[in-house]
Structure formats: C-alpha cells, structure tokens
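S.K.: This is the structure I want to talk about, given as structure tokens.
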Amino acid sequence: MTLPPGHQASEGELAAQLGMSRTPVHEAVLRLQSEGFLEVQPRRGIRVLPIDPTGMAETYEILIALEGAAAARLATHPNPAATAAMAEATQAMRAALEAGDRRDWASADDRFHRALIQGCGNARLARLAQEAADLAQRARLATAALRPEPRGSAEEHGRILTAIGAGDADGARAALSAHRQRASTEILQTLTLPLMRLGGH
C-alpha cells in the first residue's frame, strides 16, 4: 500500500486496510515516525510527511559515505551471492527502461543498493545504511517519472561491479560515490522544482 504525502488516517483505518491487528501497525507507525516518514497527530491519527529536500540532501551525504564503505569492503571481502544479486538487479533496470516502466526501474535500482549494503559483511554498517536507503528509495520513487531518462545508471552500476570484481577498494568507493552523487543531484533538483515554482522562480 502506498500513501501519498499529506495523507491522513487513523491506525485503526490502516489496520483495516492492511487486514492486520492494530499492534503491529502501531509498532510500524512508531518506527516510521522515528525515521521521518510520518508524524503522529494527537486525536487526528497519522500524517504522511512530504519529502524535505534539505533533509534528503543530508541523507544522501550519509548514504554516499556508508555505501562507499560497503563497496570498498565488498571489494576486499568478496561475496559472490551479493555481487550476483547486484548484477541481476542491473539487468532488470535495463529491461525496465526498455519497457518504459520507471517504477520497476526504481525497484531494481533499490535492489542493487540493498544487495550491496546487506552483502558487505558488516552488519552494523548495513543497519545504519538501511534507514538512509529507505528514505532515498522514497525520493527515488517520487521523482522517477519526472527525472531525465536514467540510462547512465546501469553503466555506473557496471563500473562499481567491475571495481569490486577486481578487488579495487578505492575504485569501488569512487565509482559508488560518483554514481550516488550524480543521481542525488538529479533527485534533489527534481524535488525542489515545485518549491521554485511556488516562489515564482
């Protein structure tokens, strides 16, 4: 179930829509509130928060550092299952673009990055990166249809995989950082367009 920014509902309504009891829904609400996805309003239920460009820029700084470390570690601590999952996700991205399906493309892109952080062999790093990755995926999905055709992403993923396969930790970190920096710049520019229009720019 996808809820747009500004959507309001009670926990009971969400539980009914999901076919679940209120306890797991309440626990999920508390977690999502702590991660900045929504706010709990007394006597009014929950409200899905809009994506804040400033907060998202800070999130990408953290994510670039953590994923860069994960890529470097994967280069020096090979995990064939992780790199195979990353390669599969990259191929799925290409197929989604050929089909003109931006949401499938964004989903495959997300799988690539999650395979990277989950397969790097550092559980603490993976946990820290997971929250930032969740926020980044929300922005990626929100802007996927509005951004330029993201055909360079698969090639950038290929460069990351090549460096990892060669055991080049510095190269893997640099390729990952360049990829995320380029993508985050596009996403942040897309997120700020409505604000610029409202301001008359």
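The values are calculated or read from the model by the stated rules, or taken from the named source; none is laboratory data. Since the model is a prediction, treat every value here as computed from it, not as a measurement. As a convention, Cβ positions derive from the backbone with ideal geometry for all residues, glycine included, and neighbour counts pool all protein chains shown. All accessible areas refer to the heavy atoms of the entire protein, side chains included, with ligands and DNA or RNA removed. Shrake-Rupley method; radii C 1.70, N 1.55, O 1.52, S 1.80 Å.
S.K.: Peptides 91-99, 176-184: what's the order by average Cβ count within 10 Å, highest mean first?
M.R.: Numbers: 91-99: 15.6, 176-184: 19.0.
Ranked by mean Cβ neighbours within 10 Å, highest first: 176-184, 91-99.
S.K.: Compute the distance from the alpha-carbon center of segment 155-180 to that of segment 98-121, in whole Å.
M.R.: After rounding, the separation between the Cα centres reads 16 Å.
S.K.: Leaving out ligands, DNA and RNA, and with a 1.4 Å probe, what % of the accessible surface on the chain is carbon or sulfur? Mind dumping the intermediate values first?
M.R.: Values: 5890 of 10460 Å².
The computed percentage sits at 56.
S.K.: May I ask you to compute the full-extension gain from Asp170 to Ala87, defined as 0.36 nm times their residue separation minus their alpha-carbon distance, rounded to one decimal in nm? Write out the running numbers ahead of the final one.
M.R.: Values: separation 83, 0.36 × 83 = 29.88 nm, distance 1.99 nm.
In short, 27.9 nm is gained.
S.K.: Can I ask one more? Quick one: angle between helix 80-98 and the longest Cα principal axis of the chain, in degrees between 0 and 90, rounded to 10, please.
M.R.: 70
S.K.: Along the Cα→Cβ direction, 7 angstrom out, place labels at Ser177 and Gln130. What is the inter-label distance in nm?
M.R.: It is 2.7 nm.
S.K.: Using the Cα gyration tensor of segment 52-148, with a ≥ b ≥ c the square roots of its eigenvalues, what is the shape: rounded (a/c below 1.5), prolate (a/b larger than b/c) or oblate (neither)? Intermediate values should be presented prior to the final figure.
M.R.: Details: a/c = 2.68, a/b = 1.18, b/c = 2.27.
Note, shape of segment 52-148 comes out oblate.
S.K.: Please say if segment 1-93 is rounded, prolate or oblate, where rounded means a/c under 1.5 for a ≥ b ≥ c the square roots of the C-alpha gyration tensor eigenvalues, and otherwise the choice is prolate for a/b larger than b/c and oblate otherwise?
M.R.: Values: a/c = 2.77, a/b = 1.91, b/c = 1.45.
Prolate shape, in that a/c is at least 1.5 and a/b is the bigger ratio.
S.K.: A further question follows. If you place +1 on the Cβ of every Lys and Arg and -1 on the Cβ of every Asp and Glu, how big does the dipole about the Cα centre of segment 1-90 come out, in debye to the nearest 20? Don't skip to the answer; put the middle values down first.
M.R.: Numbers: 6 positive and 10 negative charges, 55 e Å.
The calculated dipole for segment 1-90 is roughly 260 debye.
S.K.: Once R0 is set to 30 Å, what does the formula 1/(1 + (r/R0)^6) return for the Cβ-Cβ distance between Met20 and Arg47, expressed as a FRET efficiency to the nearest 0.05?
M.R.: Working: r = 20 Å, r/R0 = 0.67.
Efficiency, rounded to the nearest 0.05: 0.90.
S.K.: Quick one: among Pro24, Pro42, Pro50, which has the greatest mean-square fluctuation in a GNM of the chain with alpha-carbon springs under 10 angstrom?
M.R.: The residue with the greatest mean-square fluctuation here is Pro42.
S.K.: At 222 nm, what helix-only mean residue ellipticity would the chain give, in deg cm²/dmol to the nearest 500, using -39500 (n - 2.57) for each DSSP H run of four or more? Present the calculation step by step, with values, prior to reporting the outcome.
M.R.: Values: 8 runs with 146 residues, N = 201.
The helix contribution divided over the chain gives -24500 deg cm²/dmol.
S.K.: May I pose another question? About the Cα centre of segment 83-201, what is the dipole size in debye to 20, counting +1 per Lys and Arg Cβ and -1 per Asp and Glu Cβ, all else neutral?
M.R.: Working: 16 positive and 14 negative charges, 65 e Å.
That gives segment 83-201 a dipole magnitude of about 320 debye.
S.K.: So with the 1.4 Å probe, I'd like the accessible area per residue for the chain, rounded to whole Å².
M.R.: Per residue, the chain has an accessible area of 52 Å².
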